[in-house]
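A.B. asks: Got a structure for you, written out below as structure tokens; questions coming shortly.
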Amino acid sequence: MKAVLTTKPKSAYDDRLDHRYHFPRTYLNQIERSVGDWIIYYEPSSLSENRSIRDGRKSYFAVARINRLERDPNHPDLFYAYMEDYLEFHRPVPFSEGSHYYESKLQKEDGSPNRGAFGRSVRNIPDHEYDAILKSGFHIPIVGEDRYYKEKLAQISAPKDKLPQHGFSDVEQTPFERPVIEQLTKRPFRDSAFRQAVISAYADTCAMTGLKIINGGGRPEVQAAHIKSVADNGPDSIQNGLALSGTVHWMFDRGLISIDDDYTILTANNNLPDQVKGMFNETGKLTLPKRNELKPHPEFLKFHRQKFKG
């Protein structure tokens, strides 16, 4: 069963959302029902444990799939949900738009917010609500889901002797595009979503040169680079991404330039001409996203430095 998991950038839990979600025993039964299925991450309005900081996005912002659960060896009442296929939305999706609430449980019959439901950090949701959030977050038009879910519902509700018999047929079938949930693991879909999320986080600007070039069609020329590559099982998270111009991206992938933990740009001087240094920011450091949780993660930077040629 699909679920919404609430998380805060300044949480006391040991989260790294593209890899693991740390949670108390209170939610164990709910998360157990979602193992093998997809979840959505939600950021509330309050970002601090004492609720004094209220600059949270109140939005859904990423998806992932729960691979397995493990008990926290250091805390008997805490657990880890280990994730795969993590992917950030093109845009954060607010919990409501107009009078429409994406999670029906968050709205009372009189139309007001259900504060009690909001207070739960883990909420199970039906397929059609999950699907609606994904379509809104990815801005990718998908056709066929309404019929897909109606057919599933009809099969569940129908008597066994009335279930459709599947097999070959001479009748021409109506074209049907896979629901968005089935596209989340496909590389073209993920590459497009990763690119848009990273470039948006870096405001269409190369993190190393500060260049912001928009072509005649209004498209930014900057590229989205994985710090830890997909071939090395690097996740499609903004924390594993950099917005880089084409030449810089090429040098970064080949280990001719890298990044220190304090975001200082490292150059392999013996392998690069002197004028290359003149391309980079005068500060010698990356231009970074404003939100801390979007900045490159030290774990990925460390991995990249292992192939640095400097």
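The values are calculated or read from the model by the stated rules, or taken from the named source; none is laboratory data. Quick caveat: nothing in here was measured; it's all calculated off a predicted structure. Please note: Cβ atoms are built from the backbone with ideal geometry, for glycine as well, and neighbour counts cover all protein chains shown.
A.B. asks: Look at PHE189 and say whether it is aromatic (Phe, Trp, Tyr), in contact with a helix residue (DSSP H, G or I) (Cβ under 7 Å, 6 or more places away or on another chain) and under 30 Å from HIS128 (Cβ atoms).
C.D. replies: Yes.
A.B. asks: With ARG65, ARG91 as the choices, which residue is assigned to a strand (DSSP E or B), in contact with a strand residue (DSSP E or B) (Cβ under 9 Å, 6 or more places away or on another chain) and at pLDDT below 90?
C.D. replies: It is ARG91.
A.B. asks: Also: Within region 245-267, identify whether any single residue is outside the structural domain of PRO92 (by TED's automatic domain parsing), over 24 Å from ARG16 (Cβ atoms) and charged (D, E, K, R), and answer yes or no.
C.D. replies: Yes - at least one qualifying residue is present in region 245-267.
A.B. asks: Name the residue that is farthest from the chain's Cα centre (by Cα), counting only residues in region 244-288 that are at positive phi and surrounded by 16 or more Cβ atoms within 10 Å (Cβ to Cβ).
C.D. replies: Going through the qualifying residues, I end up with GLY255.
A.B. asks: Moving on. Considering every residue within region 207-230, establish whether at least one is surrounded by 23 or more Cβ atoms within 10 Å (Cβ to Cβ), outside any helix (DSSP H, G or I), of a type in the set (A, V, I, L, M, F, W, C) and out of contact with any helix residue (DSSP H, G or I) (no Cβ under 7 Å at 6 or more places or on another chain).
C.D. replies: Yes, region 207-230 contains at least one residue that is surrounded by 23 or more Cβ atoms within 10 Å (Cβ to Cβ), outside any helix (DSSP H, G or I), of a type in the set (A, V, I, L, M, F, W, C) and out of contact with any helix residue (DSSP H, G or I) (no Cβ under 7 Å at 6 or more places or on another chain).
A.B. asks: Could you list, in sequence order, the residues of region 234-247 that are at pLDDT 95 or above and out of contact with any Leu (no Cβ under 8 Å at 6 or more places or on another chain)?
C.D. replies: GLY234, PRO235, ASN240, GLY241, ALA243, LEU244
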